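Asker: Can you read through this structure? Questions will come right after.
Every number here is computed from the coordinates shown, using simple stated rules; none is lab data. Since the model is a prediction, treat every value here as computed from it, not as a measurement. Quick reminder, even Gly has a Cβ in these numbers, built from the backbone with ideal geometry, and neighbours come from all protein chains shown.
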Amino acid sequence: MQVAKSEINEIIIERSQGLTSLGLKYIWEYRDLLFFLLWREIKGRYRQMALGPLWMIIAPLGQMIIYSVLLGVMARLPSEGIPYALFIYVGLLPWQFFANSTRQTADSLVNQRAIIAKVYFPRLIIPLVAVLSGLVDFFASLVVLAILMLFFRVAPVWTFVTLPFFLLLATMLGLGIGLWLAGLNVKFRDTAIGLGFALEALRFLTPVVYASSLIPERWQTLYHLNPLTTVIDGFRWALLGVGPGPNWTAAWAVAVALLVLVSGAFYFRHTERTIVDIL
Amino acid sequence: MDTPAIRVEHLSKMYRIGAQEQQSQTRTGAFKRAALSPIAYLRSTLRPPSEEEIFWALQDISFEVRHGEVVGIIGRNGAGKSTLLKILSRITEPTSGRAVIKGRVGSLLEVGTGFHPELTGRENIFLNGTIMGMRGHEIQRKFDEIVDFSGVEKFIDTPVKRYSSGMYVRLAFAVAAHLEPDILIIDEVLAVGDTEFQKKCLGKIENVSKGQGRTVLFVSHNMAAITNLCSRCVVLEHGSVSFLGAAAESVSLYLETMVRTGNNQQNLNAGTQSSVQFLSANVLDGNGEHISSVSIFQDFFIEMTYRVGKDATGSAVPNFHFKTSDGTYAFTVSTPDIQPVSPGIYRTRCKVPGGLLNDGTYSIGIAITECHKCGYDVRFFLPDYLMVAIIDPVHENPLRYKYAGPIPGVVRPTLDWETSCIENETV
């Protein structure tokens with residue numbers, strides 16, 4: 001049997017109809033590009049800044065201080081036996097990751113329009129880079145968490161091994177929503193602004209700065225329909241050992257996250273075709 | 001391989017453009033329009049485009065490119081060349097039709113694609129190379145070659161935002177030139193950069209196609225480069241293929257269409273009946289045939305007919321004004337032996353010898369000035385009335401020594417040269 005001396009692949013360029021495949025194998029082929037864009041994003045972000053990458057740490061710390069003073073000291077909200085500042089920080093961490101990732105993913109197509117308009121590469125890489133850069137920030141703040149736990153003399157619990165699960169949940173949700181909005185944002189630039197408002201509202205419906213046990217009994221089920229509640233509670237449970245452990249809410253959250261992610265990916269592929277003409 | 005590298009079948013691309021808006025006459029009207037504009041945008045995106053909002057950038061394009069061929073795509077600005085390249089590079093989708101591509105494609109549609117101003121030249125080489133599909137180790141292997149080609153070795157570790165535009169362009173092209181795609185698609189990038197750089201680029205393209213047998217699709221306005229590098233050309237006009245064939249023929253055809261549309265048919269009645277009146281003017285070859293293009297070595301003639309009326313007192317002196325395509329005045333020429341004449345219709349003819357003008361398109365302005373005792377009166381002046389395309393047959397021109405790049409100059413006269421040895425040096 002004749003073996004071709006070079007793998008020449010045939011590409012057919014035509015107008016795509018209906019549902020296009022996600023093209024995940026192409027993303028794997030372009031993995032070098034994925035890492036380069038990620039590195040470019042992170043390096044470029046903090047250049048010529050006096051404090052540079054320190055901001056990755058200062059941002060969540062700053063928020064924590066403000067909320068601690070406001071709600072911990074002044075309003076004296078209960079925090080399940082954990083020092084309030086730490087309690088807040090553990091809630092802020094995943095929330096900020098989710099909020100930033102979603103925002104950056106939704107903006108990613110518009111921000112990268114320069115290279116999208118000039119070179120071909122699987123467009124899914126762009127939102128992936130946005131989410132991954134959020135993860136990098138997240139890991140930086142995890143380091144601060146370790147320091148804080150040391151400071152408050154709170155010992156780590158065995159449950160922290162479940163942390164990756166909750167992190168994955170947050171990632172799927174952020175990426176999924178971002179994918180839905182990325183394409184929409186190209187056509188209607190106010191989508192990103194609307195997202196900003198929605199996130200602010202959502203923040204109060206999620207136990208970021210208070211304990212979920214504060215919600216009255218009859219609203220608990222409804223409250224837990226929000227998959228992010230599971231994420232935040234899960235973080236607190238995994239890192240501090242307080243609050244409700246995963247129950248039916250975890251399964252529900254996973255289902256919602258999967259649905260949002262997969263549908264978002266297909267929708268993104270659908271809008272991908274025409275965005276260059278509008279960008 | 002007998003399957004073509006690129007096969008384009010009935011490709012069409014439609015863009016939706018903004019319909020021409022009615023400008024409001026009153027200030028309140030303009031204000032109302034501005035206030036309601038968001039709703040208008042929303043409504044326009046939700047409904048299908050109206051007739052006037054549809055613009056067909058490409059209409060039913062079909063052609064084939066074989067492996068190892070270099071094909072040029074030429075046409076006026078707006079003919080659809082860049083759109084075609086964008087579709088073949090998978091940047092945008094066609095509206096209908098399809099293209100089948102066999103092989104890996106590397107596109108250079110704009111210089112410095114993916115360059116991040118904050119990163120250094122070194123970092124950008126890796127970034128740019130990766131964006132274009134090279135693997136990390138490939139780039140590493142060719143790194144020195146790329147830096148050497150670009151000539152920015154001294155600045156390779158400085159952020160590219162500090163580069164001059166020339167350095168920027170050289171670096172970007174250096175990366176693109178060292179890709180090893182099966183098919184290379186280049187869009188007019190050679191328009192930027194100095195002559196030195198352009199020469200280098202053309203040399204590299206030639207190396208890639210003839211030396212390595214890769215397929216190249218090349219858009220340019222540099223007709224000399226097209227004739228030298230391309231075996232065939234696709235001529236695009238208003239989104240359709242107007243000609244598909246040998247490079248030299250394609251280039252002549254393209255230049256002639258440029259000339260034809262440049263001709264303005266106005267001002268035919270310049271001058272008054274009673275003094276001097278313009279009748280006609282043409283560019284002719286040695287046999288008296290109307291021509292629109294001529295070889296750089298060939299003589300041609302500018303002929304004008306005019307009527308001298310009874311009120312003409314002095315000599316009606318014809319003068320022709322030659323300008324290059326960018327508007328630079330090449331020269332103005334007239335004739336010494338004009339006497340005052342009796343009323344009638346006259347014809348004057350001027351011979352422009354071969355070996356005088358440079359290649360390119362020249363416009364010729366036609367005028368008659370009446371010179372009499374009291375002064376000079378311009379009876380008529382028709383600027384850019386005629387156009388002629390001067391073509392340099394690059395391969396057969398011994399003066400070029402096979403150089404395919406542009407030769408600058410308003411004129412390119414053939415002068416007498418004499419070269420001899422004046423002192424022998426013993427080794």
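Asker: Once you place label points 7 Å from the Cα toward the Cβ at A:ALA198 and B:CYS350, how far apart are they in nm?
Answerer: In this crude spin-label approximation the distance works out to 7.1 nm.
Asker: Give me the distance between the Cα centres of the range B:83-104 and the range A:172-249, rounded to whole Å.
Answerer: For the range B:83-104 versus the range A:172-249, the Cα centre distance is 42 Å.
Asker: Further question: Kyte-Doolittle mean at least -0.5 and Cα extent at least 24 Å along the axis: which DSSP H helices of chain A qualify?
Answerer: Working: long enough: A:84-111 (39 Å, 0.41); A:125-152 (40 Å, 2.59); A:163-187 (37 Å, 1.67); A:248-278 (45 Å, 1.04).
What comes out of the filter, once short or polar helices are dropped, is A:84-111, A:125-152, A:163-187, A:248-278.
Asker: Let's test the formula: R0 of 41 Å, r as the Cβ-Cβ distance of B:ILE422 and B:GLU145. What FRET efficiency results, to the nearest 0.05? Before the final figure, lay out the partial values.
Answerer: Details: r = 42 Å, r/R0 = 1.03.
The calculated FRET efficiency here is 0.45.
Asker: While we're here: Just name one of B:GLY136, B:VAL241, B:PHE63: the one whose Cα is farthest towards the positive end of the charge dipole of the range B:56-259 (beta-carbon charges, Lys/Arg +1, Asp/Glu -1).
Answerer: Checked the options; the winner is B:GLY136.
Asker: Could you name the lysines in cross-link range of B:LYS161, using Cα to Cα under 22 Å and dropping any fewer than eight places away on the same chain?
Answerer: Filter leaves A:LYS43, A:LYS118.
Asker: Suppose every Lys and Arg Cβ carries +1 and every Asp and Glu Cβ carries -1, with no other charges. What dipole size does chain B come out with about its Cα centre, to the nearest 20 debye?
Answerer: Details: 42 positive and 46 negative charges, 291 e Å.
Here chain B has a charge dipole of around 1400 debye.
Asker: Return the sequence-ordered ³J(HN,Hα) values of the range A:211-226 in whole Hz as given by the Karplus equation 6.51 cos²θ - 1.76 cosθ + 1.60 applied to θ = phi - 60°, using x for Gly and Pro.
Answerer: 7, 5, 5, 5, 6, x, 3, 6, 9, 4, 4, 4, 4, 7, 5, 6
Asker: Roughly how many debye, to the nearest 20, is the charge dipole of the range B:56-259 about its Cα centre, given +1 on each Lys and Arg Cβ, -1 on each Asp and Glu Cβ, and no other charges? If you can, show how the numbers build up before the last one.
Answerer: Numbers: 22 positive and 23 negative charges, 56 e Å.
Once rounded to the nearest 20, the dipole reads 260 debye.
Asker: Pick out, from B:ILE101, B:MET167, B:LEU184, the residue whose Cα sits farthest towards the positive end of the charge dipole of the range B:70-201, with +1 on the Cβ of Lys and Arg and -1 on the Cβ of Asp and Glu.
Answerer: B:ILE101
Asker: Considering only DSSP beta bridges where both residues belong to chain B, give the percentage that are antiparallel (nearest 5).
Answerer: Working: 65 of 86 bridges.
Given both bridge residues lie in chain B, the antiparallel proportion sits at roughly 75 percent.
Asker: In peptide A:118-131, what is the residue-averaged number of other protein chain Cβ atoms found within 10 Å of each Cβ? Walk me through the numbers before you get to the answer.
Answerer: Values: counts 13, 14, 13, 6, 0, 0, 0, 0, 0, 0, 0, 0, 0, 0.
So the per-residue partner count for this stretch is 3.
Asker: Let me ask you something else. What residue among A:THR271, A:VAL260, A:GLY52 has its Cα farthest toward the positive end of the dipole of chain A, where the charges are +1 on Lys, Arg and -1 on Asp, Glu, each on the Cβ?
Answerer: Of the options given, the answer is A:GLY52.
Asker: Hey, another quick one. How large is the dipole of the range B:266-391 about the Cα centre if only Lys and Arg carry +1 and Asp and Glu carry -1, each at its Cβ, rounded to the nearest 20 debye? Don't skip to the end; give the middle numbers.
Answerer: Details: 8 positive and 11 negative charges, 80 e Å.
The dipole magnitude comes to about 380 debye.
Asker: Further question on the same structure: Give me, ordered by chain and number, the residues 5 or more places off B:LEU357 or on other chains with an amide H under 5 Å from its own placed amide H.
Answerer: B:ARG412
Asker: Treating cross-link reach as a plain straight distance, find the lysines whose alpha-carbon is under 18 Å from the alpha-carbon of B:LYS402, omitting any fewer than eight places away in the same chain.
Answerer: B:LYS199, B:LYS200, B:LYS204, B:LYS210
Asker: What is the sum of charges around A:THR271, taking Lys and Arg as +1, Asp and Glu as -1, for the other residues whose C-beta is under 15 Å from the C-beta of A:THR271?
Answerer: Details: positive: A:ARG15, A:ARG113, A:ARG123, A:LYS187, A:ARG189, A:ARG269, A:ARG273; negative: A:ASP107, A:GLU272, A:ASP277, B:GLU93.
Net local charge, A:THR271 excluded: +3.
Asker: Quick one: of the DSSP bridges fully inside the protein assembly as shown, what percent are antiparallel, nearest 5?
Answerer: Numbers: 70 of 91 bridges.
Of all bridge pairs located within the protein assembly as shown, approximately 75 percent are antiparallel.
Asker: Please compute the average number of Cβ atoms from other chains found within 10 Å of each residue's Cβ in peptide B:86-95.
Answerer: Numbers: counts 5, 2, 3, 4, 6, 7, 8, 9, 3, 1.
Per-residue shielding by partner chains comes out at 5.
Asker: Among DSSP bridges having both ends in the range B:56-259, what percentage is antiparallel? Round to the nearest 5.
Answerer: On the way: 7 of 25 bridges.
Of those bridges, close to 30 percent are antiparallel.
Asker: Same structure again: Subtract the Cα-Cα distance of A:ILE278 and A:ALA146 from 0.36 nm times their separation in residues, and report this length gain in nm to one decimal. Working shown, then result.
Answerer: Numbers: separation 132, 0.36 × 132 = 47.52 nm, distance 4.57 nm.
Full extension from A:ILE278 to A:ALA146 adds 43.0 nm.
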